[in-house]
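To keep things clear, I will list the structure first and then write my remarks on it.
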Protein chains: 2
Amino acid sequence: MRVTDLTTPALLVDAAALEANLADMAALLPGPRLRPHVKAHKTTALAARQAAHGHRGFTCATVREVEGMAAAGLGEDLLLANEVLDARRLGAVVATGARVTVAIDSQQTLRAAVDGGVREVLVDVNIGMPRCGVAPERAGALADDARAAGLVVRGVMGYEGHLQLLTDPGERARLTTGCTDLLRAAHADVGGEVVSGGGTGTHRMNTACTEIQAGSYALMDTAYSAAGLPFRQALTVLSTVVSTTAPAGGTPGWAVADAGLKAFGMDHGNPAVPGGNVWFCADEHLVFDAADAPRTGDRVRVVPAHVDPTVALHERMHVVDGDEVLDTWAVDLRGW
Amino acid sequence: MRVTDLTTPALLVDAAALEANLADMAALLPGPRLRPHVKAHKTTALAARQAAHGHRGFTCATVREVEGMAAAGLGEDLLLANEVLDARRLGAVVATGARVTVAIDSQQTLRAAVDGGVREVLVDVNIGMPRCGVAPERAGALADDARAAGLVVRGVMGYEGHLQLLTDPGERARLTTGCTDLLRAAHADVGGEVVSGGGTGTHRMNTACTEIQAGSYALMDTAYSAAGLPFRQALTVLSTVVSTTAPAGGTPGWAVADAGLKAFGMDHGNPAVPGGNVWFCADEHLVFDAADAPRTGDRVRVVPAHVDPTVALHERMHVVDGDEVLDTWAVDLRGW
């Protein structure tokens with residue numbers, strides 16, 4: 001199949017860029033040093049490629065992601081790096097023989113793990129971003145409570161998410177060290193073999209963690225590209241120019257492509273048209289101008305500003321080599 | 001079933017608010033005066049409720065929406081108010097006995113209708129928003145070309161989308177008249193019985209159109225509420241507070257609910273927590289504070305900032321009366 005045969009909008013994954021990203025990261029953080037985060041692609045076929053590069057443990061953000069990964073035979077070591085108050089569906093996954101570890105940061109989430117039949121936990125520690133996680137000085141006590149309740153505490157996790165997109169790598173490194181110092185201190189109180197954290201933006205500078213939870217590195221987006229990371233843009237949204245308006249009376253001309261708010265995660269702003277200027281997005285439209293005067297019928301590969309919520313809007317992604325479609329993967333971990 | 005039994009995040013539709021919105025709009029724009037836009041809810045079960053209120057024609061933004069509406073038995077008069085360069089799937093819907101009309105604004109989209117087997121078109125006219133649509137003064141010539149190619153030209157459409165959210169109703173009315181004057185002029189050149197346009201924000205002031213393409217009025221969002229429209233907020237996203245952090249050392253406390261960038265369209269900014277302040281959203285998290293100090297396990301009904309892209313992220317919506325779930329509808333018009 002050719003790219004020109006695809007209905008638009010459609011997610012495209014550049015096969016060579018993806019493989020380069022996976023290989024480069026695996027060289028830097030081999031095997032268990034990386035616990036790829038599937039929330040960034042929500043695609044078990046892509047996770048299988050990460051497994052082929054040596055990573056057997058994965059990070060998930062939702063119960064559905066844990067279920068889907070286990071069902072796809074990728075359940076050797078799944079971490080739900082998020083809090084849940086009903087862990088029964090996770091317990092059902094454990095009962096199938098998969099290994100599931102869940103984050104806890106409170107008595108309620110501890111109790112949910114016990115009640116749901118999940119036996120292994122990490123203590124989630126707040127290391128600076130106001131989100132989930134227990135205060136570092138209270139992590140040890142929560143671990144004690146978890147062990148007293150019969151749980152296995154594998155260690156700690158903490159996420160310096162507020163630092164991932166800082167454009168100055170020196171500042172990013174300095175602030176990351178401040179965060180991971182808190183995580184080290186909590187780990188000293190908690191014990192266990194696992195210190196999990198980090199992301200694509202801090203994968204090199206976070207040296208305190210035994211495993212890095214990076215996800216965006218595989219496909220990338222304009223926000224992470226702006227942070228100067230050594231990964232290639234693998235993901236685009238293929239769209240078709242369905243309308244053009246010529247310049248007239250001092251008004252510049254513009255083109256309209258058939259990919260809009262329902263094809264792009266918009267929290268980081270507009271997507272980018274290489275060689276063009278994006279004016280705005282509507283539900284099913286991207287309005288832009290470009291120096292090469294796009295024509296009705298042209299195909300445009302648009303670069304998302306934020307990979308994770310973009311992927312969540314699509315049913316499938318097409319793996320391509322130039323204009324050839326090599327494979328089509330279901331985005332099969334969507335929903336909750 | 002009770003709301004407390006639902007997995008979160010989950011779309012909730014307040015049954016009374018929805019029915020009030022549908023009834024109020026049907027009283028104002030009865031029967032064919034309203035052509036409800038399904039892009040705002042992507043749900044054939046909700047469209048069936050609109051049909052029960054007397055509206056038999058519908059507006060669609062994608063080919064998938066047209067296909068799904070016809071398959072659901074709601075294909076009496078479907079308008080794809082958008083340009084397409086491949087109309088073969090629309091022609092296949094026509095072949096099943098449904099009535100499909102498609103917008104055209106160029107020779108290419110005219111040709112696509114002919115080649116795809118769609119026999120009826122509207123000439124899409126640009127009336128002020130830089131998006132699709134032919135210039136008003138060229139609408140008549142395009143209609144002539146369409147008729148010469150064997151198409152039935154039912155009339156014109158034009159959308160004053162840039163005015164929908166203006167908060168000053170007087171300014172909105174004044175500018176709407178300017179837009180619809182252009183549409184009237186184009187219609188005089190094009191002919192046909194249909195003058196289609198308008199939206200939830202201009203449904204009262206757009207008196208030039210024979211039919212209004214409003215969609216958001218059914219479910220509503222914070223952006224349209226800010227425009228002072230007489231419709232009730234029917235849509236919320238049910239979420240669960242999974243983590244809380246108490247105030248400490250001058251830092252205020254906060255709560256984290258399990259609905260984030262993958263549960264809300266973000267192009268109009270953060271969603272709203274009634275009685276609370278939203279700090280930020282992450283992929284699966286909403287961080288907020290509230291005067292009533294939310295506790296872990298609390299359920300929170302969050303109000304989306306933009307209904308259309310929010311709905312597109314969910315597989316289903318639950319129709320509720322307080323804490324009782326009356327019905328569950330598939331959001332079955334997603335994708336392309």
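Side notes on the structure shown:
- Computed with a 1.4 Å probe over protein heavy atoms only, the accessible surface of the range A:15-219 comes to 34 Å² per residue.
- Each other copy holds its own label point for B:Phe280; taking that point as 7 Å from Cα along Cα to Cβ, the gaps run 2.6 nm, nearest first.
- Options A:Ala20, A:Thr62, A:Cys179, ranked by Cα towards positive dipole end of the range A:15-219, top entry (Cβ charges): A:Ala20
- ³J(HN,Hα), Karplus 6.51/-1.76/1.60, whole Hz, each residue of the range A:34-42, x for Gly, Pro: 10, 10, x, 8, 7, 4, 6, 9, 6
- A protection proxy built from the mean count of other Cβ atoms within 10 Å ranks the segments B:219-228, A:260-269, B:165-174, A:309-318, most packed first, as A:260-269, A:309-318, B:219-228, B:165-174.
- Nearest beta-carbon to the A/B symmetry axis - residue in chain A, distance in Å: A:Met266, 3
- Taken about its Cα centre, chain A carries a charge dipole of about 420 debye when Lys and Arg each add +1 at the Cβ and Asp and Glu each add -1 at the Cβ.
- Alpha-carbon centroids, the range A:1-30 and the range B:13-35: separation in whole Å: 46
- Label distances, nm, A:Ala135 versus same residue in remaining copies, Cβ-directed 7 Å point: 6.7
- In the context of the full set of protein chains, residues of the range A:281-325 present 33 Å² of accessible surface per residue (probe radius 1.4 Å, heavy atoms only).
- Scanning residues 5 or more positions from B:Thr101 or on other chains, those with amide H under 5 Å from its amide H are B:Leu78, B:Leu79, B:Leu80, with H placed 1.01 Å from N in the peptide plane.
- Percent accessible area from carbon and sulfur atoms, the range A:15-219, protein chains only, probe 1.4 Å: 52
- Buried accessible surface for the B/A pair, both sides summed and rounded to the nearest 100, is 4000 Å² with a 1.4 Å probe.
- Ranking B:Ala188, B:Ala226, B:Gly201 by Cα position along the charge dipole of the range B:167-235, where only Lys, Arg, Asp and Glu carry charges on their C-beta atoms, puts B:Ala226 farthest toward the positive end.
- Across the copies of the chain, A:Glu76 has label points (7 Å from Cα along Cα→Cβ) spaced 5.9 nm apart, shortest distance listed first.
- Ordering of A:12-22, A:151-161 by packing [mean C-beta count within 10 Å, highest first]: A:151-161, A:12-22
- Protein-protein interface of the range A:130-152, residues with accessible area decrease of at least 20 Å², isolated chain reference, 1.4 Å probe: A:Pro130, A:Arg131, A:Cys132
- Take each residue in B:258-269, count the other chain C-beta atoms within 10 Å of its C-beta, and the mean is 6.
- Between the range A:184-204 and the range B:100-140, the Cα center-to-center distance that results, in Å: 58
- For the residue pairs A:Lys42/B:Lys262; A:Lys39/B:Lys39; A:Lys42/B:Lys39, the C-alpha atoms sit more than 21 angstrom apart in A:Lys39/B:Lys39; A:Lys42/B:Lys39.
- Segment B:Thr96-B:Phe280, extension gain: residue separation times 0.36 nm, minus the distance between their alpha carbons: 61.5 nm
- Residues losing 30 Å² or more accessible surface upon assembly, the range B:96-114, compared with the chain by itself, 1.4 Å: B:Gln108
The values are calculated or read from the model by the stated rules, or taken from the named source; none is laboratory data. It should be emphasised that the depicted structure is a prediction, and the values quoted were computed from it without experimental measurement. Note that each Cβ is placed from the backbone with ideal geometry, even for glycine, and that neighbours are counted across all protein chains shown. Just the protein is used for accessible areas: all its heavy atoms, side chains included, with ligands, DNA and RNA removed. Shrake-Rupley method; radii C 1.70, N 1.55, O 1.52, S 1.80 Å.
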